[in-house]
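Engineer: One structure coming up, written as structure tokens, with questions to follow.
Here, each number is a calculation from the coordinates, and none is a lab measurement. All values reported here derive from a predicted model rather than from experimental measurement. Cβ sites come from the backbone with ideal geometry, for glycine too, and all protein chains shown count toward neighbours.
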Amino acid sequence: MKIKHLIAALAASSTLGAGIAFAADTYKIDPSHTYPSFEADHMGISVWRGKFNKTEGSVTLDRKAKTGTIDIVIDTSSIDFGHEGMNAHAKKADIFDVAQFPTATFKAKSITFTGDVPTSANGELTLHGVTKPLTLTINRFKCIEHPRLKREVCGADASATFNRGDFGITFGLPAFSPEVKLAIQVEAVKQ
């Protein structure tokens, strides 16, 4: 009789441990609702805005531990300024050099929460073959039970600023400001 109780206790303990080990939820980026966009100076007379049309990756959130991870891959050849000539030039070696650097990545190993809401992600941006620290500010975050997918979908609006010269993208400097502002809309589906 005692052996049965011991086996039951071990099984319950094993199940409890597995629940703790898998407390984080994984979300796959929805590429049809995720567009990293940016704005940069154009000779001080205007601000050029563009976006990347192809993004993939995943996010994990552990709401109990108030942490998570982000792993995003951006196809740099999907750059879109809404101007074909500028798109073609941006892909060349003197700007993004998409032949040599076909992707940009953002990887974060920690997400900071304020209360129950993620508010920033500390990670590394790899762009043009250079990796530098970057903190994304999460300006807005919300999860819902998606009415069509019947699964949880989370969305966020995130932003950051960086110096493109730090990543070796020096075209037009110093006539053009090196500061780039990111604005990222993202939606991700719970797996």
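Engineer: Can you compute 3J(HN,Hα) from phi for each residue in region 67-80, using the Karplus curve 6.51 cos²θ - 1.76 cosθ + 1.60 with θ = phi - 60°, rounded to whole Hz and x for Gly and Pro?
Structural biologist: Values per residue, Gly and Pro as x: 7, x, 9, 9, 9, 10, 10, 10, 7, 5, 6, 8, 4, 9 Hz.
Engineer: Any idea what the dipole of the chain comes to, in debye rounded to 20, about its Cα centre with Lys/Arg Cβ at +1 and Asp/Glu Cβ at -1?
Structural biologist: Here the size comes out at about 900 debye.
Engineer: Give me the Kirkwood hydrodynamic radius of region 99-174 in Å, from all C-alpha pairs, to one decimal place?
Structural biologist: Its Kirkwood hydrodynamic radius stands at 14.6 Å.
Engineer: Another question, if that's okay. Over all pairs of distinct alpha carbons, what does the Kirkwood formula give as the hydrodynamic radius of region 24-190, in Å?
Structural biologist: 16.6 Å
Engineer: Can you pull out the trypsin sites (Lys or Arg not before Pro) in region 97-191 whose DSSP state is coil and whose Cβ has at most 15 other Cβ atoms within 10 Å?
Structural biologist: Passing both the DSSP loop test and the Cβ count: Arg148, Lys150, Arg151.
Engineer: A follow-up question, please. So the label point goes 7 Å from the Cα of Ala175 along Cα→C-beta, right? Which residues of region 38-61 then have their backbone N under 19 Å from it?
Structural biologist: 40-49
Engineer: Starting from the amide H of Gly68, placed 1.01 Å from N in the peptide plane, find each other amide H under 5 Å away whose residue is 5 or more places distant or on another chain.
Structural biologist: Here the answer is Asp62, Ile111, since their amide H atoms fall under 5 Å of that of Gly68.
Engineer: Something else about it: Within straight cross-link reach of Lys28, meaning Cα distance under 30 Å, which lysines are found once same-chain residues fewer than 8 apart are removed?
Structural biologist: Cross-link targets: Lys51, Lys54, Lys64, Lys66, Lys91, Lys107, Lys109, Lys132, Lys142, Lys150, Lys181, Lys190.
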